[in-house]
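Scroll down for the structure; my scribbles are underneath it.
The values are calculated or read from the model by the stated rules, or taken from the named source; none is laboratory data. Every value quoted in this text rests on a predicted model; they were computed, and no experiment measured them. Note that we place each Cβ from the backbone using ideal geometry, even for glycine, and neighbour counts take in every protein chain shown.
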Amino acid sequence: MYYTHYSRRGNNILIRYKKPNDQNTYSKVVDFYKPSLYTKTSEQEAEWFSIYDEPLKKVELDNIKAAKSFADQYKDVPTMGINGNSNYENQFIIELFEGKQPEYEEKNIRLGFVDIEVHSVKFKPDHKIKVRKKNKD
């Protein structure tokens, strides 16, 4: 399985994905995700550590709304030191794929782009870049 798009809407994570050797695209609303954040702890035998080598305690929250509320509640408390990925949809994808890049099948992914050309009265297209003085109007 690999994803083609994901986003968050409230407490839900919307994911669009494909299965290997399958032309169909599937969509799913994930409403059961329980994100995690990390707080400072005095335990020196901690399992988790910050990038500054401070011991951390993992806090699992019931849903995305609870995680946002928890982070907002303690953001100004220096002794709490909230750590972790607050982009909860990214946190979900990282956990779903165990931190590995999914194996994409290029033949099943369609890409497109739009290039808009516009007309400008003062600009004359040229292959050389020119410097000009500002007009005094």
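Of these, N21, N63, which one is of a type outside the set (D, E) and modelled with pLDDT of 85 or more?
Residue meeting the stated conditions: N63.
Considering every residue within region 40-54, establish whether at least one is under 27 Å from Y2 (Cβ atoms) and in contact with a Leu (Cβ under 9 Å, 6 or more places away or on another chain).
There is no residue in region 40-54 that is under 27 Å from Y2 (Cβ atoms) and in contact with a Leu (Cβ under 9 Å, 6 or more places away or on another chain).
Of all the residues that make up region 49-73, how many are in contact (Cβ under 8 Å) with a residue 24 or more places away in the chain, buried (at least 16 other Cβ atoms within 10 Å of the Cβ) and over 20 Å from the mean Cα position of the chain (by Cα)?
1
Could you please tell me which pairs satisfy a Cβ distance under 6 Å, a separation of 6+ or placement on different chains, a first residue in region 23-44 that is among the basic types (K, R), and a second residue that is surrounded by 12 or more Cβ atoms within 10 Å (Cβ to Cβ) and in a strand (DSSP E or B)?
K28/I15
Considering only region 6-64, state which residues are farther than 16 Å from N90 by Cα, outside any strand (DSSP E or B) and among the small types (G, A, S).
S42, A46, S50
Which of the residues spanning region 15-31 are surrounded by 15 or more Cβ atoms within 10 Å (Cβ to Cβ) and either on the phi > 0 side of the Ramachandran plot or among the aliphatic types (A, V, I, L, M) (or both)?
Across region 15-31, the qualifying residues are I15, V30.
Let's see how each residue does on (1) surrounded by 13 or more Cβ atoms within 10 Å (Cβ to Cβ); (2) at pLDDT 75 or above; (3) in contact with a strand residue (DSSP E or B) (Cβ under 7 Å, 6 or more places away or on another chain):
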| position | (1), (2), (3) |
| --- | --- |
| E89 | yes, yes, yes |
| E95 | yes, yes, no |
| G99 | no, yes, no |
| E106 | no, yes, no |
| G112 | no, yes, no |
| E117 | no, yes, no |
| V121 | no, no, no |
| K128 | no, no, no |
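Out of all the residues in region 74-86, which are surrounded by 12 or more Cβ atoms within 10 Å (Cβ to Cβ) and polar (S, T, N, Q)?
N83, N85, S86
Restricted to region 32-45, and to residues that are of a type outside the set (S, T, N, Q) and modelled with pLDDT of 90 or more, which residue is surrounded by the most Cβ atoms within 10 Å (Cβ to Cβ)?
It comes out as P35.
Restricting attention to region 61-70, does a residue exist that is more than 30 Å from R16 (Cα to Cα) and among the polar types (S, T, N, Q)?
no
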